[in-house]
Amino acid sequence: SAVISQKPSRDICQRGTSLTIQCQVDSQVTMMFWYRQQPGQSLTLIATANQGSEATYESGFVIDKFPISRPNLTFSTLTVSNMSPEDSSIYLCSVAGTDNQPQHFGDGTRLSIL
Amino acid sequence: AQSVTQLGSHVSVSEGALVLLRCNYSSSVPPYLFWYVQYPNQGLQLLLKYTSAATLVKGINGFEAEFKKSETSFHLTKPSAHMSDAAEYFCAVSDMGAQKLVFGQGTRLTINP
């Protein structure tokens, strides 16, 4: 399966600031996704990152808060904007080679907001 | 809309004992079903997947799961638990292949020596 690298692995940020998380894959993939895992909770899909077009957001998530880029088939970024303590979570990138293959996950970015 | 229910947020078994983690799903179409494991400070690792082939699916690390349509279940089992199996386990469903996974709440597995 693809090797997925997420950066940073963790960060502590001040409220009101923004952080951009990077997801790099070692091979071209069709599907890229961003998930949020709040403390002690399960994973919730934020959006599907579409190459060359705007991301598709799930209910409850908006582009102004979580802008996503996907300039090519191996790279995507998620920005968490104007952060508040409620944004403290693990943010995970996942990829699938095609839409019939299972998703594989990066190690996540552990984000704490003070 | 799909949904997943994992029965038991915490399961504790003795080393060498049978592991059984329960997952029930709801889907309006034949589902794709997955089990993932999350070790501390790591992302999710795919254990196994069901995609309408054999109903008994074998995965990594000695785990397997059986798809039972009549019971809408996809329970995860392992005959003999190892200490290294201690982790969080997530069941997930999709009605569109790899797209739009819906996860259960997770089950934390503890192994007692």
* Inspect all residues belonging to the range A:97-114 and state whether any of them is open to solvent by 10 Å² or more (accessible area, probe 1.4 Å), over 30 Å from residue B:53 (Cα atoms) and among the β-branched types (Val, Ile, Thr). => yes
* Structure fact -> Scanning the range A:47-68 for residues that are polar (S, T, N, Q) and open to solvent by 50 Å² or more (accessible area, probe 1.4 Å) gives A:51, A:53, A:56, A:59
* Structure fact -> The one condition residue A:88 fails out of (1) buried (at least 16 other Cβ atoms within 10 Å of the Cβ); (2) under 13 Å from the mean Cα position of the chain (by Cα) is (2)
* Go through B:88, B:71, B:66 for me and flag whichever is without any contact (Cβ under 8 Å) to a residue 12 or more places away in the chain and among the charged types (D, E, K, R). => B:66
* Asked: Scanning for something within 11 Å of chain A (Cβ to nearest Cβ), at pLDDT below 95 and open to solvent by 50 Å² or more (accessible area, probe 1.4 Å), does the range B:13-29 turn up at least one residue?
  -> no
* Structure fact -> For strands (runs of 3 or more DSSP E) lying entirely in the range A:11-114, having 1 or more residues that are within 14 Å of another protein chain (Cβ to nearest Cβ) and at pLDDT below 95 picks out A:31-37, A:43-49, A:89-96
* To do: Return yes or no: is residue A:71 free of Cβ contacts under 8 Å to residues at least 60 places away in the same chain and either in contact with a Phe, Trp or Tyr (Cβ under 7 Å, 6 or more places away or on another chain) or surrounded by fewer than 16 Cβ atoms within 10 Å (Cβ to Cβ) (or both)?
  => yes
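The values are calculated or read from the model by the stated rules, or taken from the named source; none is laboratory data. Nothing here was measured: the structure is a model prediction, and the numbers come from that model. Every residue, glycine as well, gets a Cβ built from its backbone with ideal geometry; the counts of neighbours run over all protein chains shown. The accessibility values were calculated without ligands, DNA or RNA, using every heavy atom of the protein model including side chains. Shrake-Rupley method; radii C 1.70, N 1.55, O 1.52, S 1.80 Å.
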